1. Let me confirm one metric for peptide B:62-75, namely the mean number of other chain beta-carbon atoms within 10 Å of its residues' beta-carbons.
2. Relative to the present Cα-Cα distance, how much length would full extension add between residue B:31 and residue B:192 at 0.36 nm per residue of separation?
3. Ranked from highest to lowest mean number of other Cβ atoms within 10 Å per residue, what is the order of the peptides B:72-85, B:117-130?
4. Count, for each residue of B:84-94, the Cβ atoms from other chains sitting within 10 Å of its Cβ, then give me the mean as a whole number.
5. Taking the 0 to 90 degree range and rounding to the nearest ten, how far is the long axis of helix B:3-24 tilted relative to the main principal axis of chain B, both from C-alpha atoms?
6. Distance between Cα centroids, the stretch B:50-85 to the stretch A:91-120: provide it in whole Å.
7. From the Cα gyration tensor of chain B, with a ≥ b ≥ c the square roots of its eigenvalues, which class applies: rounded if a/c is under 1.5, or else prolate if a/b is larger than b/c, or else oblate?
8. Given the rule -39500 (n - 2.57) for each run of at least 4 DSSP H residues, summed and divided by the residues of chain B, what is its mean residue ellipticity at 222 nm, to the nearest 500 deg cm²/dmol?
């Protein structure tokens, strides 16, 4: 018998054996599982402002950040911008902190005279308040708080009120001599104008089932 | 007529008479043998929804069964770390012979980020875990077995010896959960799994 014939014979026998092996009846059921995960998203909505002096602009407002710039603010005035952010995801999110990442634009001569207060509101509920002189924000830009301040439901909105107060400057006109602030005493406070720019970021995390 | 010829005629006539007599005393009997084989068949007979974590979207109408009752699709959405959804699929032995669960396979068909359509990393893909509890009604009562896997492909219940008599059922409770340590990169992901219970004839 030639090798080819032998091979054919072996294959035929194996196929027959395979047939025998599968002779048992089988049945199966197919179950497909489709699992889609949620989305966590906080989006900037809009802003409103109240100005005693100068102007304000809000730029680079996307996701959970916004850059606020006050221009031409003068002493003894208070200016406020209110930023609104919305939970546009599909599950609640935990608001962990509100950070001021960058502060600049102002003159060091007035670093003690400008205060920035940041407050977080959800409806009537205030869940955060931070009040610092403007230069102190810069020093603490990386503060982080991972404890949940507020749980924002889907489509819920938070308001972040940024209140910038420029104190009355102690100049010759109103206080006479002031040795500590020589640079200011010869200046008429009506001539003083400052710019302040800062980035507000909402630090949030996904709702987690514990 | 010669005597010999007469004898032959008589013999022939006698033989004909005997033949006729024999024919009169016999009859035909037909025995019919009907050998019908057993039938082996299983079908999805019931589905139900169990515990569902808050905000997870999963209800009875999110489980669909094919017309031939051989396939089911379980659709869950809005899963998040630590959240779970539970479903039960009941399979009935609709045949006439006992069937044995020979094992189950689990295959991850895909795990993709739906915003980019790109596959998730291996770590993220393994964050969806499915835990199975099987309960079979056998001759000796209920038999339970458990198995779990988050692997891309897995063979489950390979050591289970569950024989389901005709008309009896086996139920698979499936707990589908996203690992509580799942990273942000598992957001907006779609995991697609196939779970296949396989049966053989019991004998």
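Rule-based calculations on the coordinates, nothing more; no lab input. Not measured: the values here are computed from a predicted model. Don't worry about glycine lacking a Cβ; one is built from the backbone with ideal geometry, like all the others, and counts go over all protein chains shown.
1. 3
2. Separation in residues times 0.36 nm, less the Cα-Cα distance, equals 52.2 nm.
3. So the peptides B:72-85, B:117-130, ranked by packing, come out B:72-85, B:117-130.
4. Taking all residues of B:84-94 together, the mean is 1.
5. Rounded to the nearest ten degrees, it is 30.
6. 45
7. prolate
8. -4000 deg cm²/dmol
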